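The values are calculated or read from the model by the stated rules, or taken from the named source; none is laboratory data. No experiment lies behind these values; they were computed from the predicted model shown. Virtual Cβ from ideal backbone geometry, glycine too; neighbours counted across all protein chains shown.
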Ligand SMILES: [Zn+2]
């Protein structure tokens, strides 16, 4: 199973962690590397939108 974002083979494919369902017709496979980047990206956006101390701490930890 390949990651739809970086196109690398997903080593330990697990539908819980690696399968993102968008809707009935769309779903993607995503490796942990890419989902980690997504989380960091979303965290960065949240820290910009909600520049609270708590959010900044959460983002700085990673
Ligand atoms: Zn990937």
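For the stretch 9-31, residues that are within 10 Å of the ligand (Cβ to nearest atom) and assigned to a helix (DSSP H, G or I) total 1. A single member of 6, 34 is within 10 Å of the ligand (Cβ to nearest atom) and in a loop (DSSP other than H, G, I, E, B), and it is 6. Among the residues of the stretch 3-16, those that are surrounded by 10 or more Cβ atoms within 10 Å (Cβ to Cβ) and closer than 11 Å to residue 34 by Cβ comprise 3, 4, 5, 6, 8, 10.
Looking only at the stretch 41-60, decide whether some residue is within 12 Å of the ligand (Cβ to nearest atom), within 12 Å of the chain's Cα centre (by Cα) and modelled with pLDDT of 90 or more. Scanning the stretch 41-60, I find no residue that is within 12 Å of the ligand (Cβ to nearest atom), within 12 Å of the chain's Cα centre (by Cα) and modelled with pLDDT of 90 or more, so the answer is no.
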